[in-house]
1. List every residue pair whose Cβ atoms lie under 9 Å apart, where the two residues are 6 or more positions apart in sequence or sit on different chains, the first residue falls within segment 233-261 and is on the phi > 0 side of the Ramachandran plot and outside any loop (DSSP other than H, G, I, E, B), and the second residue, located anywhere, is at pLDDT 95 or above and surrounded by 17 or more Cβ atoms within 10 Å (Cβ to Cβ).
2. Of the numbered conditions (1) in a loop (DSSP other than H, G, I, E, B); (2) farther than 24 Å from residue 21 by Cα, residue 144 satisfies every one except a single condition; which is it?
3. Can you find a residue that is over 17 Å from residue 26 (Cα atoms), under 17 Å from the mean Cα position of the chain (by Cα) and outside any loop (DSSP other than H, G, I, E, B) anywhere in segment 150-168?
4. Against the condition part of a helix (DSSP H, G or I), at negative phi and either free of Cβ contacts under 8 Å to residues at least 40 places away in the same chain or more than 15 Å from the chain's Cα centre (by Cα) (or both), how does residue 139 come out, does it pass?
5. Residue by residue through segment 50-77, note down the ones that are part of a loop (DSSP other than H, G, I, E, B) and more than 15 Å from the chain's Cα centre (by Cα).
6. Going by the conditions given, is residue 102 more than 16 Å from residue 29 (Cα to Cα) and either in a strand (DSSP E or B) or under 18 Å from the mean Cα position of the chain (by Cα) (or both)?
7. Give 28, 21, 9, 34 a once-over and let me know the one that is under 18 Å from the mean Cα position of the chain (by Cα) and surrounded by fewer than 18 Cβ atoms within 10 Å (Cβ to Cβ).
8. Which of the residues belonging to segment 78-88 are closer than 21 Å to residue 26 by Cβ and under 19 Å from the mean Cα position of the chain (by Cα)?
């Protein structure tokens with residue numbers, strides 16, 4: 001397989017923050033959310049889901065690893081997602097989530113790594129990277145929004161993959177860019193979610209223009225946007241994101257399969 005082919009491994013998106021990809025022979029799922037539309041209680045404001053998932057857990061096939069940005073909000077881990085975790089050998093998440101979710105979960109602190117065995121030999125390194133779920137410094141945001149983690153995946157002969165999680169901080173993105181060479185594929189959580197009663201209606205995850213800026217900072221060759229739809233508190237969707245990437249001269253970075261899903 002050429003380097004070009006490895007950079008273009010398929011990423012399937014199902015709505016909200018949930019995406020599936022195969023990397024180094026292992027199947028990874030991000031923030032599993034499969035419950036139907038409705039109101040969902042979470043710490044803080046009630047979350048309103050507006051559209052169903054594009055798939056069901058039963059249709060996914062076996063999952064080797066869940067990359068869970070955080071376990072405390074229903075728009076990142078819902079009832080169906082929690083049930084799915086029981087059948088997954090490993091869930092990587094925040095240190096706090098690793099304690100809450102039981103023995104099959106492992107929390108990763110910033111820059112902490114785990115080595116995963118590849119089916120055909122070799123390993124994948126998954127590194128926990130900084131993420132802040134709101135505007136401002138972590139020590140002010142985490143007591144309100146909770147702890148969040150992103151992930152970087154690397155391996156010999158494999159592309160570098162960044163999964164942002166619910167991150168609102170471009171400073172965190174700059175830290176990540178300093179630690180890793182140019183990112184081949186970035187799965188960026190966006191959607192400009194806001195709540196009037198939190199942070200003076202400030203962003204709790206990147207907006208579209210910030211997602212484009214994050215792409216520049218990372219030198220990301222391909223971007224698969226997620227976390228753009230299916231929830232009422234997401235204030236920007238596909239159209240806004242495509243417009244922002246076009247304005248930034250980055251339209252060619254958007255994943256071709258993601259564009260075709262329009």
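The values are calculated or read from the model by the stated rules, or taken from the named source; none is laboratory data. The structure presented is a predicted model; accordingly, all values stated were derived computationally and were not measured. For neighbour counting, all protein chains shown are included, and Cβ atoms are generated from backbone atoms with ideal geometry for every residue, glycine included.
1. none
2. Of everything listed in (1) in a loop (DSSP other than H, G, I, E, B); (2) farther than 24 Å from residue 21 by Cα, residue 144 misses just condition (1).
3. Within segment 150-168 (the criterion being over 17 Å from residue 26 (Cα atoms), under 17 Å from the mean Cα position of the chain (by Cα) and outside any loop (DSSP other than H, G, I, E, B)), the answer is yes, since at least one residue qualifies.
4. On the way: part of a helix (DSSP H, G or I): yes; at negative phi: yes; either free of Cβ contacts under 8 Å to residues at least 40 places away in the same chain or more than 15 Å from the chain's Cα centre (by Cα) (or both): yes.
Yes, satisfied.
5. At the first step, the residues of segment 50-77 found to be part of a loop (DSSP other than H, G, I, E, B) are 50-56, 60-64, 68-77.
Hits for segment 50-77 are 50, 51, 52, 53, 54, 55, 56, 60, 61, 62, 63, 64.
6. So residue 102 does not fit the description; no.
7. One residue alone meets the criteria, 9.
8. Result: 81, 84, 85, 88.
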